[in-house]
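Just dropping this structure here.
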Amino acid sequence: MADLKLTDIAKTYGGTVEVLKHIDLDIKEGELIVFVGPSGCGKSTLLRMIAGLEKITSGTLEIDGQVVNDVPPAQRGIAMVFQSYALYPHMTVRENMSFALKLAKKSASEIEEAVNKAAQILQLEEYLDRLPKALSGGQRQRVAIGRSIVRDPKVYLFDEPLSNLDAALRVATRIEIAQLKESMPESTMIYVTHDQVEAMTLASRIVVLANKGIAQVGTPLELYERPENEFVAQFIGSPSMNLLAGEIIETGTQTVVTLDGGGTVTSAVPTRDNEKGLRVNVGVRPEDMLETTGDDYLFEGKVNFTEALGEVTLLYFNKVGDNDAVIGKLPGVHAGLRGKSVRMKAEPEKVQVFHNGKSLYYR
Amino acid sequence: MHPAAQGLLTIFLGVGGCIAYFYFSNQFLDKVLFPAKGEHAGRNINRANMVRPWLFLFPAIFALGLYLAYPVFATLWYSLTDRDQGGAFVGLANYRQMFDDPKFWEAVQNNMLWLLVVPAASTAFGLLAAQLTDRIKWGSIAKSLIFMPMAISFVGASVIFKLIYDTRPVGQSQIGVLNAVWLQFDGGVGSFLILRLVPGLLMICAAAAALYVAWGMVQKALVGKGGGLATALRGVGTLLLAGIAFAALALAFGAFTKTYAYGVPQTWLTIPGWNSFFLMIVLIWIQTGFAMVILSAALRGIPEETVEAAIVDGANPFQVFFKIKMPQISGTIVVVWTTITLVVLKVFDIVFAMTNGQWETQVLANYMYDKLFRANDWGLGSASAMIIMLLVSPILIWNVYNARKEMR
């Protein structure tokens, strides 16, 4: 129910240790924004600054057009779900959920109504009088979410809420969160995770954080199909995108690159005439590599190792030159490829071209 | 032999004896009694392992039995006999005589007062110190200073406080800090503020707080929440709080109306009613450090995220402390409280060293010592020892129960 605007936000610890800088971000009402990034990239710190649990070193944070840098957390209209759930162990589920409302001096009937409604949404009705220690992990997580819902906040903040759950429960709870978001289309949510699958499935937009700043903001598919830089290209997707060094030999609406490994590839990324001869990295996702026998290949290598996952087979090629080991992902089972030399090609639309780490598509 | 050499020899023999005992008893078990060879090797190893814990436990069990369990029964027997009649059995005569002794009831009354004041004050100050020094850079320095009295023996602390309470005749300069401060008051504005207004207002506030809590209890009792037992307990609590409020108001009245002897050095330890509190301060001074260390560790153990969740939920620092932190360490608070209660019930050294039970400061342990070693009346002394044990035991059991629950 609120817009957020982050302007040039920075965070420094003790005056010297810089964690985040130049964070500019516009979040629209009703969006579910996911912060992802490698561990230590400051994604939780950014969330905690929005929550008001960390001081903002410089820059401004606006919620609904009002600067809230110095507004205490409770008055920002936010609610937060913590990684460890942070339920109050000495209070029953009902008391946990009504604590904030009691502090806000709401009437007993109002509290009762809000708690019952949240309990109904989250199917917690029969557990209302239990203590947190008598609940399973998934139930505790739902109580933590319920504690946010009762406050009817403008912005929901989730700090890696699923990382303490086992794999099966994580999928189930992820779907519950997606459904919860659908049932409250006007509420804004910010979700921190290091799990790409959560990011791809939940987000209306993903914010990738790296090197103290924002690497790219976009919808999940934008990030997957058109990464702005090599970092995002390799961070999103698993296994990560192959990068192959080469040189541009033909420019225009389509670009042709000869690769150091011997192959050539055509990319749908347009280039300018004066860029002929430019050293670039070509990016191709493992799942976009196709087996070929023709001379129009981008990569030829000996399969060092295979992993058969049933639906797909992963091919690990021998290292060539300075490149990282190339990985191919072929649909179906290809047991016999190990030890053989294989040629791979890719469709022009699936080939990215990076120069100095930046995609030539964006400029 | 030189005493230092004797000491060294004792240490050598004691420690060497312990090592020798464990080494040779285990050797005997493994090599002679159940050797791990021959046709029963497996069975012998199992048996040796079943016996081994008892080898290690034996010295402790033996010493505890000899110095703790046996004396309990011996004391119980002595309390039923009379030394003057050559140790003849006299039934409960000693107890009857003790119950007729006003000094005994004075000791019981004082012990109850100590029991109410010292554990409460030590735990409260300890909790306050633990919370205030938590997550502060110089907090550890403050903590070390507050903890330091723990390293001083009760007698040593008593000597320090005897100097603080010391009195010299009028005209000489006072070496006692308390009298030195007291002589600064002259009945002027400062004296009015510090001796009348501040304590008077404090007492009125205390009375108001007690009445407020009592009123809350009455309201809850009227709703009838929690059933009959809870209502009865609330009734008792309300009466107790009303009594405390009345006492506080009386003290406030006293603070405003009492005539103070300005300029006259006071012999603090001879003022009946107050001197017990002066003695209690010594124990509070010592025990606050203990309470602080334990409670500080407990506060550290509270998950930080629950505190942050409470802040996001809109709790102010006081609400975070009383509604989130305190309930989470309530188990530890109970353990600290009961542990100090045990120390208080056995308090002896402080009273012995400072007043020796004169001027209405007698306590049970000192009463026992009086009868047992000064009056040489083993019957009466043992009877009072049994009373102390009766008072300590239930609290001790509760304490152990709580401590074990905490560890789980």
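Using Cα centres only, tell me the gap between the stretch A:33-83 and the stretch A:321-358 in whole Å.
Taking the Cα centre of each part, the stretch A:33-83 and the stretch A:321-358 sit 40 Å apart.
A further question on this structure: At q = 0.11, 0.14 Å⁻¹, what base-10 log of I(q)/I(0) does the Debye formula yield for the stretch B:292-408 when every alpha carbon is treated as an equal point scatterer in vacuo?
For the stretch B:292-408, the Cα-only Debye profile gives -0.56, -0.73.
Any idea how far the Cα center of the stretch B:112-140 sits from the one of the stretch A:120-141, in Å?
One Cα centre to the other: 36 Å.
Related question: Cα centroid distance between the stretch A:158-192 and the stretch B:58-102, in Å?
69
Lys/Arg Cβ at +1, Asp/Glu Cβ at -1, dipole of the stretch A:240-359 taken about the Cα centre: which of A:P270, A:V326, A:H355 is farthest positive-ward?
Final value for the positive-end residue is A:V326.
For B:L113 and B:V264 in the same chain, what is the full-extension length gain: residue separation times 0.36 nm, less their Cα-Cα distance, in nm?
On the way: separation 151, 0.36 × 151 = 54.36 nm, distance 2.87 nm.
In short, 51.5 nm is gained.
Give me the Debye-computed log₁₀ of I(q)/I(0) at q = 0.11 Å⁻¹ for the stretch B:216-333, equal point scatterers on Cα only, no solvent, two decimals.
The calculated log intensity ratios at q = 0.11 Å⁻¹ are -0.76.
Shape call for the stretch A:302-353 from the C-alpha gyration tensor, a ≥ b ≥ c root eigenvalues: rounded (a/c under 1.5), prolate (a/b greater than b/c) or oblate? Can you show the working numbers first?
Working: a/c = 2.04, a/b = 1.20, b/c = 1.71.
Verdict is oblate for the stretch A:302-353.
Something else now. With contacts defined as alpha carbon pairs under 8 Å and 6 or more residues apart, what's the relative contact order of the stretch A:4-234 in percent? Present the calculation step by step, with values, prior to reporting the outcome.
Numbers: 397 pairs, mean separation 64.2, N = 231.
Contact order relative to length: 28 percent.
Apply 1/(1 + (r/R0)^6) to the Cβ-Cβ distance of A:N356 and A:S58, taking R0 = 35 Å, and write down the FRET efficiency to the nearest 0.05. Mind dumping the intermediate values first?
Details: r = 29 Å, r/R0 = 0.82.
For R0 = 35 Å, the calculated efficiency reads 0.75.
Just need log10 I(q)/I(0) for the protein assembly as shown at q = 0.06, 0.09, 0.10 Å⁻¹, Debye formula, equal scatterers on the alpha-carbon atoms, no solvent, rounded to two decimals.
-0.67, -1.07, -1.17
Gain in length, B:D186 to B:V170, computed as 0.36 nm per residue apart minus the alpha-carbon separation, to one decimal in nm? Mind showing how you got there, number by number?
On the way: separation 16, 0.36 × 16 = 5.76 nm, distance 1.51 nm.
Using 0.36 nm per residue and subtracting the Cα-Cα distance, I get 4.2 nm.
Hey, what did chain B get for relative contact order, percent, Cα under 8 Å, at least 6 apart?
On the way: 422 pairs, mean separation 98.8, N = 408.
That works out to 24 percent.
Can you find, among B:P119, B:G7, B:A310, the residue sitting farthest towards the positive end of the charge dipole of the protein assembly as shown, where Lys and Arg contribute +1 and Asp and Glu -1 at Cβ?
Checking the options against the dipole of the protein assembly as shown, the answer is B:G7.
On to the next question. According to the square roots a ≥ b ≥ c of the eigenvalues of the Cα gyration tensor, what is the shape class of the stretch A:119-185, taking rounded for a/c under 1.5, prolate for a/b larger than b/c otherwise, and oblate for the remainder?
Values: a/c = 1.61, a/b = 1.11, b/c = 1.45.
Cα axes put the stretch A:119-185 in the oblate bin.
In addition: Tell me what chain B gives for mean residue ellipticity at 222 nm when only DSSP H runs of n ≥ 4 count, each as -39,500 (n - 2.57), the sum divided by the residue total, rounded to 500 deg cm²/dmol.
Working: 16 runs with 273 residues, N = 408.
The per-residue figure over chain B is -22500 deg cm²/dmol.
Now for a separate question. Please compute the contact order of the stretch B:230-339 in relative form: average sequence separation of alpha-carbon pairs under 8 Å and at least six residues apart, divided by the residue count, as a percent.
Numbers: 27 pairs, mean separation 22.8, N = 110.
Relative contact order of the stretch B:230-339: 21 percent.
Points 7 angstrom from Cα along the Cβ direction at A:K319 and B:F277: gap in nanometres?
Inter-label distance under the simple model: 8.0 nm.
Using the beta-carbon distance between A:R226 and A:T16 and R0 = 41 Å, what value does 1/(1 + (r/R0)^6) give for FRET efficiency, to the nearest 0.05? It would help to have the intermediate numbers written out before the result.
Numbers: r = 37 Å, r/R0 = 0.90.
About 0.65, to the nearest 0.05.
Still on this structure, please answer the following. Using only Cα atoms, tell me the angle between helix B:378-407 and the longest principal axis of chain B; keep it within 0 to 90° and round to the nearest 10.
90
Nearest 500 deg cm²/dmol is fine: what mean residue ellipticity at 222 nm does chain A get from its DSSP H runs of n ≥ 4 alone, each adding -39,500 (n - 2.57), divided by its residue count? Intermediate values should be presented prior to the final figure.
Values: 8 runs with 83 residues, N = 363.
Roughly -7000 deg cm²/dmol at 222 nm, from the helical runs in chain A.
Restricting to Cα atoms and excluding each atom paired with itself, what does the Kirkwood estimate give for chain B in Å?
On the way: mean 1/r = 0.0380 Å⁻¹.
About 26.3 Å for chain B.
Another question about this same structure. Need one word for the stretch A:212-302: rounded, prolate or oblate. Basis is the Cα gyration tensor (sqrt eigenvalues a ≥ b ≥ c); a/c below 1.5 gives rounded, then a/b vs b/c decides. Could you put the intermediate results ahead of the total?
Numbers: a/c = 2.02, a/b = 1.29, b/c = 1.56.
The shape class here is oblate.
Hey, what angle do you get for helix B:330-345 against the long axis of chain B, alpha-carbon based, 0 to 90 degrees rounded to 10?
90
Would you mind getting me the FRET efficiency between A:D24 and A:A168? Use the beta-carbon distance for r and R0 = 30 Å, nearest 0.05.
Values: r = 39 Å, r/R0 = 1.29.
Rounded to the nearest 0.05, the efficiency is 0.20.
Quick one: work out Rg over Rh on the C-alpha atoms of the stretch A:48-148, Rh as Kirkwood radius.
Values: Rg = 15.3 Å, Rh = 14.8 Å.
The Rg/Rh ratio comes out at 1.03.
Moving on to the next point. With axes computed from alpha carbons, what is the tilt in degrees of helix A:108-121 against the longest principal axis of chain A, rounded to the nearest 10 within 0 to 90?
Roughly 30 degrees between the two axes.
So how compact is the stretch A:4-234: Cα radius of gyration and Dmax in angstrom?
17.8, 55
Quick note: the coordinates plus some simple rules give every number you see, no bench work behind them. This is a predicted model, so every value here is computed, not measured. Every residue, glycine among them, receives a Cβ derived from its backbone with ideal geometry; neighbour counts consider all protein chains shown.
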